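The values are calculated or read from the model by the stated rules, or taken from the named source; none is laboratory data. None of these values were measured; they are calculated from a predicted model. No Cβ is skipped: glycine too gets one built from the backbone with ideal geometry, and neighbour counts run over all protein chains shown. To get the accessible areas, we keep the full protein, side chains included, count just its heavy atoms, and leave off ligands, DNA and RNA. Shrake-Rupley method; radii C 1.70, N 1.55, O 1.52, S 1.80 Å.
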Amino acid sequence: MKAAVIGLQWGDEGKGKVVTYLSRRYDCVVRYSGGSNAGHTVDYGNFKMVHHLLPSADIKKQKMMYIGPGVVVDLDVLLEEIDQINNLIPESRSLLRISKQAHVVIPIYRDLDEKIDSSRANQIGTTRRGIGISYANRAMRCGLRLEDFETPARAESFLNEISRTWSIKFDVKMILDNLIEKYNKIRDLLIDSSEAVRVLKEKDLLFEGTQGVLLDVDMGTYPYVTSTNCSTTGIQPGFGYPVQVDKIFGVMKAYTTRVGEGPFPTELKDEVGENLRRLGSEYGATTRRPRRCGWLDLVLIKYAIETSACNALIMTKADILSGFEKIPICMGYKIGGKFYTQINNTAHLTEIEPVYEEIKGWKSLHSKEFDDFIYKIERELGLKFAYISTGPKIEEITEL
Ligand code: IMP
């Protein structure tokens, strides 16, 4: 059995906790895209973990974790997280394997990321984690992969290539020594992608998506996106095998948030938006930036479902809306005087006017009003909810 959990909005839908909960039914959780730009918060009750790089598998249940070749690995972040899980649950480090073919985010990439984004006419508002630089170097074939440290001369030649490609000078020897020291600490966890596939392909795998469909480099709100296929389409290259995924869980928050720049049709720039931010603690798990907040947008969710082949829905953070008297839901867009309930691309989102339908709010998630909200969304989207998350803790989730 193979399944995936992906975000149907601009990330931060609460996927981390969902993955941890679902991971108990699978052998291994696989990260296939992104890097330490992700921030998946998992609240175990007696302790919390923010996973930037480690798959959000339930470490209490000894579930395996695999970081595939599509992930870009920042060794500082990785080492910190490995220490963290090992301190919480002794020996849990041994549950992790990392593809040797994964690219490495070297410290200078973070500065380059900041420099390039700040000099753009229209900033993307990246997480400054060097993610885009790492994927760019991969495409330009000058990026280092973990396996390159096995042969320091090979790693050194890539560092020289990076220096030439970007016309920047740095102390190659010092950077190399520093990276090798960190690499030696995880050497025993590395595996060739081909071997990992051999071991894992018959197992029950849960692929953990990062960010959300609307931040996917091809299908998202380009150019205000991340640098990878964080949607379902990234699974095969990011795992390194044409794996067939049967169940694709799409996670959607009961309202919408976004960090960084880019269009956001239902954004609330008033005190209602501030209220949502406060009630939902909407601050980036990686950068602590305040998230932009707005109402649920079913047009964009439909687009995300269609392009990701999502076949089951999961709702998160509906509890945050409890107590609102009326809840507007964006049902369609007015474009040039015409009304649309579906879009084919995201290029013109700044030129549309969202059209809302107001529904009655709820005081409790065990109320007719809340059930009506759920049925309405299911009808509009043509898909059923499989789970509803009702709070931050792993167990606060209901299977429908
Ligand atoms: P990058 O991935 O750091 O290059 O950032 C590109 C865009 O994706 C920016 O708008 C970021 O705020 C956004 N982004 C990256 N990772 C996440 C995430 O985990 N949650 C929400 N937004 C993200």
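If you take the residues of the stretch 222-240 that are within 9 Å of the ligand (Cβ to nearest atom) and among the hydroxyl-bearing types (Ser, Thr, Tyr), which of them is nearest to Gly132 (Cα to Cα)?
Ser227
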> Hey, Thr350 hits all of (1) more than 15 Å from the ligand (Cβ to nearest atom); (2) modelled with pLDDT of 95 or more; (3) more than 30 Å from Gln101 (Cα to Cα) but one; which does it fall short on?
Replying inline: (2)
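Given Glu395, Glu378, which one is out of contact with any helix residue (DSSP H, G or I) (no Cβ under 8 Å at 6 or more places or on another chain) and under 30 Å from Asp43 (Cα atoms)?
Values: Glu395 fails: out of contact with any helix residue (DSSP H, G or I) (no Cβ under 8 Å at 6 or more places or on another chain).
Sole residue among the options that is out of contact with any helix residue (DSSP H, G or I) (no Cβ under 8 Å at 6 or more places or on another chain) and under 30 Å from Asp43 (Cα atoms): Glu378.
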>> Could you check the stretch 133-176 and list, in sequence order, the residues that are within 16 Å of the ligand (Cβ to nearest atom) and in a helix (DSSP H, G or I)?
In response: Ile133, Ser134, Tyr135, Ala136, Asn137, Arg138, Ala139
>> Give me the strands (runs of 3 or more DSSP E) completely within the stretch 1-44, filtered to those with at least 2 residues that are modelled with pLDDT of 95 or more, ordered by residue number.
In response: 2-7, 28-31
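Here is a yes/no grid of residues against (1) within 24 Å of Glu306 (Cβ to Cβ); (2) out of contact with any helix residue (DSSP H, G or I) (no Cβ under 8 Å at 6 or more places or on another chain); (3) assigned by TED's automatic domain parsing to the domain that holds Thr390:
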site: Glu325; (1), (2), (3): no, yes, yes
site: Lys338; (1), (2), (3): yes, yes, yes
site: Thr341; (1), (2), (3): yes, no, yes
site: Thr350; (1), (2), (3): yes, yes, yes
>> Being closer than 24 Å to Thr126 by Cα and assigned by TED's automatic domain parsing to the domain that holds Ser389 is the requirement here; does Tyr333 meet it?
In response: no
>> Quick test for you: out of Ile85, Ile98, Ile108, pick the one residue that is more than 14 Å from the chain's Cα centre (by Cα), open to solvent by 10 Å² or more (accessible area, probe 1.4 Å) and among the β-branched types (Val, Ile, Thr).
In response: Ile108
> Any idea which residue in the stretch 275-305 is nearest to the ligand (Cβ to nearest atom), counting only those that are among the charged types (D, E, K, R) and free of Cβ contacts under 8 Å to residues at least 12 places away in the same chain?
Replying inline: Arg288
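For Leu79, are the conditions met, namely being part of a helix (DSSP H, G or I) and hydrophobic (A, V, I, L, M, F, W, C)? Let's see the steps before the verdict.
Working: part of a helix (DSSP H, G or I): yes; hydrophobic (A, V, I, L, M, F, W, C): yes.
Judged against the criteria, Leu79 is a match.
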>> Give me the residue from the stretch 256-272 that is more than 16 Å from the ligand (Cβ to nearest atom) and charged (D, E, K, R) and, out of that set, most open to solvent (accessible area, probe 1.4 Å).
In response: Lys269
> When the stretch 115-132 is examined, which residues are found to be outside any loop (DSSP other than H, G, I, E, B), of a type in the set (Val, Ile, Thr) and near the ligand (Cβ under 9 Å from one of its atoms)?
Replying inline: Ile131
> Looking at Lys302, Lys326, Lys253, which is the one that is out of contact with any Phe, Trp or Tyr (no Cβ under 8 Å at 6 or more places or on another chain) and more than 29 Å from Ile131 (Cα to Cα)?
Replying inline: Lys326
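Would you check if Leu215 is within 11 Å of the ligand (Cβ to nearest atom) and touching a Gly at 6+ places or on another chain (Cβ under 9 Å)? Don't jump to the end; show me each part of the working.
Working: within 11 Å of the ligand (Cβ to nearest atom): yes; touching a Gly at 6+ places or on another chain (Cβ under 9 Å): yes.
Judged against the criteria, Leu215 is a match.
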> Can you name every residue in the stretch 204-224 that is over 20 Å from His103 (Cα atoms) and either under 10 Å from the mean Cα position of the chain (by Cα) or not aromatic (Phe, Trp, Tyr) (or both)?
Replying inline: Asp204, Leu205, Leu206, Gly212, Val213, Leu214, Leu215, Asp218, Met219, Gly220, Thr221, Pro223
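Take Thr390 and tell me if it is at pLDDT below 95, surrounded by 14 or more Cβ atoms within 10 Å (Cβ to Cβ) and hydroxyl-bearing (Ser, Thr, Tyr). Full working, then the answer.
Details: at pLDDT below 95: yes; surrounded by 14 or more Cβ atoms within 10 Å (Cβ to Cβ): yes; hydroxyl-bearing (Ser, Thr, Tyr): yes.
Here the answer is yes, as Thr390 does meet what is asked.
Anything in the stretch 15-57 that is surrounded by fewer than 21 Cβ atoms within 10 Å (Cβ to Cβ) and within 16 Å of the ligand (Cβ to nearest atom)? List them, or say none. So that I can check it myself, show each step before the final result.
Start the filter on the stretch 15-57 by keeping residues that are surrounded by fewer than 21 Cβ atoms within 10 Å (Cβ to Cβ), which leaves 24-25, 27, 39, 41, 43-50.
Once the filter is applied, which keeps residues that are surrounded by fewer than 21 Cβ atoms within 10 Å (Cβ to Cβ) and within 16 Å of the ligand (Cβ to nearest atom), the stretch 15-57 yields Gly39, Thr41, Met49, Val50.
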> So Trp362 clears everything in (1) of a type in the set (Phe, Trp, Tyr); (2) open to solvent by less than 30 Å² (accessible area, probe 1.4 Å); (3) part of a strand (DSSP E or B) except one condition, right? Which one?
Replying inline: (3)
